[in-house]
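The values are calculated or read from the model by the stated rules, or taken from the named source; none is laboratory data. What you see is a predicted model; the values in this text were computed from it and never measured. Here the Cβ positions follow ideal geometry from the backbone for every residue, glycine too, while neighbour counts run over all protein chains shown.
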Amino acid sequence: MEKGKKGFGDRDYRLIQMGQDLKYFNVKVKETDLAIGIENKVYSDSLVSLCYKEVIHIRRQLEEYIQVHPQFQTSLVPIQIDPEAPEIALKMTEAAAVAGVGPMAAVAGAVADHIGQIMKQYSSDVIVENGGDIYILSTRERLIAVYAGDSPFSYKIGIKIHPEATPAGICTSSGTVGHSLSFGVADAVVITGDTAVMADAAATQAGNLVKHKFALERAVEYIKGLDKNLSILAIKDDRMIAWGNIEIIPL
């Protein structure tokens, strides 16, 4: 964990995010720690096992690729990769190139997308949360609470997700919370988009641009310029700014 950052501890925030109509389970493999929600009626031990197997599979693909191409893991800027690379690596690289970051900036969103795509074959409602990065498919309105560290907005506002806007990705970058690398100081930069992999990469770069609480507009202008059907909510201390097709409501 980086010095000066607050951690998520045992991820207690998961205790308040669970929809009553969904059955949640956790899948943890090394650094990957997922909370997965699917319809109660379709839940089974076999689906839990399937998720474990898929996480192990895609992690192995990435680990083996990194062994041969270590720059994939270390680069902080977009890179070119072998077109024969694993599909998840290609998706991460594509999103990173659009966002202007290294491919690992999109790994959490890419994993959430991958597991979400598998689970949607079995459940009409799917939520995959990976350390604050979310894939969501829903037949009803959902409310995503916003955690922004010590900001007075933390858990006081939420983002309403309409079913017609899903599947979608909702990803968060923070310079004050969690272990992910950020060169900014935002308490939370939340990006919504069509995929979690793209939202994750964009959230990283948007968060990097927030050097103080009066620089939130820089993050907004960056997202505007990407033209990728993205929306943004940025928070630092007692300042908040939002842009795009994003509905924010008080909790």
Practice item. Working carefully through the options ILE191, ILE144, ILE118, find the one that is surrounded by fewer than 22 Cβ atoms within 10 Å (Cβ to Cβ), of a type outside the set (Asp, Glu), touching an Asp or Glu at 6+ places or on another chain (Cβ under 9 Å) and in contact (Cβ under 8 Å) with a residue 40 or more places away in the chain. Key: ILE118
Practice item. Go through the range 42-64 and give me each residue that's surrounded by fewer than 15 Cβ atoms within 10 Å (Cβ to Cβ) and within 21 Å of THR74 (Cα to Cα). Key: ARG60, GLU63, GLU64
Exercise for review: For LYS160, indicate whether it is basic (Lys, Arg), assigned to a loop (DSSP other than H, G, I, E, B) and either more than 17 Å from the chain's Cα centre (by Cα) or on the phi < 0 side of the Ramachandran plot (or both).
Suggested key: no
Point to revise | Counted residues, the range 32-64 - those being among the acidic types (Asp, Glu), closer than 20 Å to GLU87 by Cβ and out of contact with any helix residue (DSSP H, G or I) (no Cβ under 7 Å at 6 or more places or on another chain) | key: 2
Point to revise | Criterion (under 25 Å from SER138 (Cβ atoms) and acidic (Asp, Glu)) met by exactly one of GLU217, GLU221, GLU247 | key: GLU247
Check your understanding: When the range 163-191 is examined, which residues are found to be under 13 Å from the mean Cα position of the chain (by Cα) and either of a type in the set (Ser, Thr, Tyr) or under 19 Å from ARG218 (Cβ atoms) (or both)?
Key -> CYS171, THR172, SER173, SER174, SER180, ALA188, VAL189, VAL190, ILE191
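Against the condition in contact with a Cys (Cβ under 8 Å, 6 or more places away or on another chain), within 20 Å of GLY244 (Cα to Cα) and at pLDDT 95 or above, how does ALA203 come out, does it pass?
Numbers: in contact with a Cys (Cβ under 8 Å, 6 or more places away or on another chain): yes; within 20 Å of GLY244 (Cα to Cα): yes; at pLDDT 95 or above: yes.
The answer is yes for ALA203.
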Practice item. Mind counting the residues in the range 177-199 that are in a loop (DSSP other than H, G, I, E, B), among the hydroxyl-bearing types (Ser, Thr, Tyr) and touching a strand residue (DSSP E or B) at 6+ places or on another chain (Cβ under 6 Å)? Key: 2
